């Protein structure tokens, strides 16, 4: 399904990348993996809600920051490589920039 929201389309690609990475998480890190996956879908849901109510957009940034934090923990525990962490962080930073642009556009 093609999405009309550019930010949602971009974020879905990020979700796909995160899913590929989390497939190989060790069994003893299932809680961290679960938090990462749940948070990714919460963010997507918030993006769609923000399309209806722009005030809800303020909730997305803290969720993205938490996702970045979970990925940093994964890197520090040597679950993911530095390169994978950097790629995800850059994706998330780009999403935040798009989000701020989108919210500023909607408020005009």
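Helix 6-22 and the long axis of the chain differ in direction by around 10°, with both axes built from C-alpha atoms.
Taking a virtual spin label 7 Å from the Cα of residue 17 along the C-beta vector, which residues in region 59-91 bring their backbone nitrogen under 14 Å of it? Within reach of a label on residue 17, which here means backbone N under 14 Å from a point 7 Å along Cα→Cβ, region 59-91 contributes 68, 71-72, 81-91.
As a proxy for reagent exposure, 34, 89 were ordered by neighbouring Cβ count within 10 angstrom, fewest first; the result is 34, 89. For mean projected area of the Cα convex hull in nm², the candidate list reads (i) 6.2; (ii) 6.6; (iii) 7.8; the entry that matches the value derived from this model is (ii). In plain terms, the residue of 16, 68 with the fewest other Cβ atoms within 10 Å comes first and the most crowded comes last, giving 16, 68. When shorter helices are ignored and each DSSP H run of at least 4 residues is given -39500 (n - 2.57), the per-residue value for the chain at 222 nm works out to -26000 deg cm²/dmol.
Spin-label model, residue 24/residue 45: points 7 Å from Cα along the beta carbon direction are separated by 3.0 nm.
Using Cβ contacts closer than 10 Å as the measure, can you line up 67, 93 from fewest to most? Provide the component values of the computation, followed by the final result.
Working: 67 24, 93 12.
Going from sparsest to densest Cβ surroundings: 93, 67.
Every read-out reported here was derived from the displayed coordinates using simple, explicitly stated rules and does not represent laboratory data. Predicted, not measured: the structure shown is a model, and the values here were computed from it. Cβ coordinates were reconstructed from backbone atoms using ideal geometry, including for glycine residues, and neighbour counts include every protein chain displayed.
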